[in-house]
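One structure is given here, and the rest of the page talks about it.
The values are calculated or read from the model by the stated rules, or taken from the named source; none is laboratory data. Predicted model only: the values in this text are computed from it and were never measured. When we count neighbours, we look across all protein chains shown, and the Cβ atoms used for this are built from the backbone with ideal geometry, even at glycine.
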Amino acid sequence: MSQPLLELFAREHPAFIHLPLGLVIALPVAMVLSFKSRHPAGWTRTAFFIALLAFAGGFLALSSGLLWGRQIALIPSGSFFPLVASEAQVVQKMLQLHEIAAAVGTALGALCVLLLWRAVRRDRGRDPDAAAPRRRFADRGVGAAAFSVCLLWLASWAFCGKLGGIMVFGNEATNKAAAAMDAARKADAEADLPIRALDYASLEPAQPAALRSKAHGNRWGRVWVTASGIDAYQAGKPLPSGAYAVLSTVEDAKGKPGQDPGPLYMRETLTDGTSAFLLYWPRVPEAARTETGGEDSVYWRSPSEKLAACAGCHATAGPASATPR
């Protein structure tokens with residue numbers, strides 16, 4: 001299947017789920033009629049075909065939902081469930097339950113189809129218009145086991161559908177989580193781009209010319225510091241709260257500063273005295289991608305574990321070691 005068709009298939013997930021859900025809602029009616037009707041074999045076959053169509057449609061909906069979750073970045077590529085890193089990720093937690101309920105319902109649907117198929121085979125050869133032979137209630141029609149599994153199937157999919165509706169239309173919990181995320185984004189000056197780091201030329205230069213830094217890939221770079229922290233930086237003291245330093249680099253070209261921009265580093269002292277780090281490298285050369293784990297574009301920010309080396313190296317105050325050009 002081509003990529004556009006896959007994307008269309010994924011986006012139609014809300015439409016795919018309604019038909020199998022409606023069939024599972026109707027399934028118990030056919031089952032009850034198989035217990036009471038004068039034509040139990042006919043209603044058993046009807047229940048079997050309803051269940052078979054519902055199972056097939058449910059599997060289609062399950063597959064499209066997984067692809068849709070990956071398309072909108074709620075589910076990581078190659079994974080089956082979203083990653084939940086904090087209690088604030090209400091939608092991700094709800095999506096996990098939604099998927100689990102859908103998977104359980106699909107498994108119950110497969111079992112229900114199997115039990116109904118056994119009931120159909122039991123009644124094969126019997127005239128569908130003939131009266132049912134006298135049997136225990138549990139063995140009449142589709143049988144008590146199939147009916148019980150059907151009710152569990154319906155319950156799991158009803159719960160799954162309820163969660164899906166909440167994720168689409170929201171409730172108090174999701175609305176609070178969305179409001180908190182929006183407030184955090186508005187309060188974060190660099191939610192979309194490292195604005196302050198990119199504006200490093202407005203800061204105070206800590207060196208008169210570019211220096212070569214072995215600690216930063218042996219690249220040529222120049223440090224820029226906020227006015228509130230330049231004196232502390234040059235004295236080798238910790239930067240005051242709110243101050244930050246930016247190291248702009250260029251790729252090395254046979255021992256001389258190259259023309260291509262290298263990574264942009266930033267170190268900031270937070271109000272609690274701890275340091276936060278940033279690494280922005282919008283275009284990583286192919287030869288340097290071993291440094292970024294294969295990524296061709298990087299924007300890492302604290303508390304990312306990928307910046308643990310920065311925190312370890314800058315555990316002590318003072319300028320990074322560099323060699324003049």
>> Whether any residue in the range 166-187 is touching a His at 6+ places or on another chain (Cβ under 8 Å), outside any loop (DSSP other than H, G, I, E, B), surrounded by 11 or more Cβ atoms within 10 Å (Cβ to Cβ) and not acidic (Asp, Glu) is what I want to check.
In response: yes
>> So Ala210 ticks every box in (1) modelled with pLDDT under 85; (2) in contact with a Phe, Trp or Tyr (Cβ under 9 Å, 6 or more places away or on another chain); (3) within 18 Å of Ala309 (Cβ to Cβ) but one. Which box is left unticked?
In response: (3)
> So which residues in the range 243-268 are at pLDDT below 90 and of a type outside the set (S, T, N, Q)?
Replying inline: Val250, Glu251, Asp252, Ala253, Lys254, Gly255, Lys256, Pro257, Gly258, Asp260, Pro261, Gly262
>> Quick check on the range 40-47. Is at least one of its residues of a type in the set (S, T, N, Q), more than 11 Å from Arg140 (Cα to Cα) and crowded, with 18+ Cβ neighbours inside 10 Å?
In response: yes
> Given the conditions (1) of a type in the set (Ser, Thr, Tyr); (2) under 22 Å from the mean Cα position of the chain (by Cα); (3) assigned to a helix (DSSP H, G or I), which single one is not true for Ser34?
Replying inline: (2)
>> Based on this model, can you work out whether Ala51 counts as surrounded by 21 or more Cβ atoms within 10 Å (Cβ to Cβ) and either in contact (Cβ under 8 Å) with a residue 60 or more places away in the chain or out of contact with any Asp or Glu (no Cβ under 7 Å at 6 or more places or on another chain) (or both)?
In response: yes
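Working only within the range 202-220, note down all residues that are in a loop (DSSP other than H, G, I, E, B) and free of Cβ contacts under 8 Å to residues at least 40 places away in the same chain.
Once the filter is applied, which keeps residues that are in a loop (DSSP other than H, G, I, E, B) and free of Cβ contacts under 8 Å to residues at least 40 places away in the same chain, the range 202-220 yields Pro208, Asn218.
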>> Pairs needed: first member in the range 278-293, closer than 22 Å to Ala311 by Cβ; second member anywhere, in a loop (DSSP other than H, G, I, E, B); C-beta distance under 6 Å; at least 6 residues apart or different chains.
In response: Leu278/Pro194; Tyr280/Pro194; Val284/Asp296; Thr292/Val284
> Taking the range 267-299, which residues are polar (S, T, N, Q) and either touching a His at 6+ places or on another chain (Cβ under 7 Å) or not in a helix (DSSP H, G or I) (or both)?
Replying inline: Thr269, Thr271, Thr274, Ser275, Ser297
> Residues of the range 221-241 being surrounded by 15 or more Cβ atoms within 10 Å (Cβ to Cβ) and assigned to a helix (DSSP H, G or I), which ones?
Replying inline: Ile230, Ala232, Tyr233, Gln234
> Do we find that Ile17 is free of Cβ contacts under 8 Å to residues at least 40 places away in the same chain, within 24 Å of the chain's Cα centre (by Cα) and surrounded by 15 or more Cβ atoms within 10 Å (Cβ to Cβ) in this structure?
Replying inline: no
>> Within the range 51-73, does at least one residue satisfy the condition of being assigned to a helix (DSSP H, G or I), closer than 30 Å to Gly141 by Cα and touching a Cys at 6+ places or on another chain (Cβ under 8 Å)?
In response: yes
